[in-house]
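Okay, structure first, notes after.
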Amino acid sequence: MIRVRGADLEAVASGALGRLPCQVFTTSDGLVNLECPGGLQQSKMRDRRGRLWFATFSGVAMVEPGTVTINPLPPPVYVEKVSYRDRLGRYHELPWTNQEQVIAPPGCRELGLNFAALCYSAPEKVQIAYLLEGQGEHWTDITGRRSLYFHTPVSRHHPVASSRLKQRWGLE
């Protein structure tokens, strides 16, 4: 089952919005079965109280639209480790204290981040993207990954790798 706003449907149809934001409901939201019968017969209805009823292959699912709450806050991203390889290929760890920026020492050839997105209610729905500041303006989707490795430019200056991680919804 998918929830979309009518205004968003109209915005996509008119071309004002390029991608349709939606919320997908799965077993983590309480559905016993994700499959609903298709065909010519109606498999959904709204009753007098406004509740929505859906036929599934495991029985009936009911939703009261006014009571469905959505947590607007994305789960926090926890950086577990920051590491780099020097010009000789040796591995080093950088101290990490939740700072906004990581400055790699001269001679750094590869910078690595190990992280976790902390979501206990529906971890399979977590979407993560990153942005390397100064390397473009577009977020790169890394959903399903828990580590990143960047090749830093060869320079006489200290390479600065400022990376921000975000959950895709709400922080564009």
Inset, instruction - State the number of residues belonging to the range 57-77 that are under 24 Å from the mean Cα position of the chain (by Cα), surrounded by 11 or more Cβ atoms within 10 Å (Cβ to Cβ) and among the hydrophobic types (A, V, I, L, M, F, W, C). - result: 2
Inset, instruction - Test Val82 against the stated conditions and say whether it is under 30 Å from Glu110 (Cβ atoms) and modelled with pLDDT under 85. - result: no
Inset, instruction - Give Thr69, Thr97 a once-over and let me know the one that is within 23 Å of Val4 (Cα to Cα) and either among the charged types (D, E, K, R) or assigned to a loop (DSSP other than H, G, I, E, B) (or both). - result: Thr69
Legend entry - Residues of the range 1-53 classified as outside any loop (DSSP other than H, G, I, E, B), in contact with a strand residue (DSSP E or B) (Cβ under 7 Å, 6 or more places away or on another chain) and at pLDDT below 90, total: 5
Legend entry - Some residue of the range 39-59 being in contact (Cβ under 8 Å) with a residue 60 or more places away in the chain and not assigned by TED's automatic domain parsing to the domain that holds Tyr120: no
Inset, instruction - Determine which member of the set Gly50, Gly30, Gly18 is within 30 Å of Arg146 (Cα to Cα), in contact with a helix residue (DSSP H, G or I) (Cβ under 8 Å, 6 or more places away or on another chain) and not charged (D, E, K, R). - result: Gly18
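What residue, of Gly107, Gly89, is surrounded by fewer than 10 Cβ atoms within 10 Å (Cβ to Cβ) and on the phi > 0 side of the Ramachandran plot?
The match here is Gly89.
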Inset, instruction - Report the residue count in the range 78-104 for those that are more than 26 Å from the chain's Cα centre (by Cα) and among the aromatic types (Phe, Trp, Tyr). - result: 1
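The values are calculated or read from the model by the stated rules, or taken from the named source; none is laboratory data. Since we're looking at a predicted model, the values are computed, not measured. Every residue, glycine among them, receives a Cβ derived from its backbone with ideal geometry; neighbour counts consider all protein chains shown.
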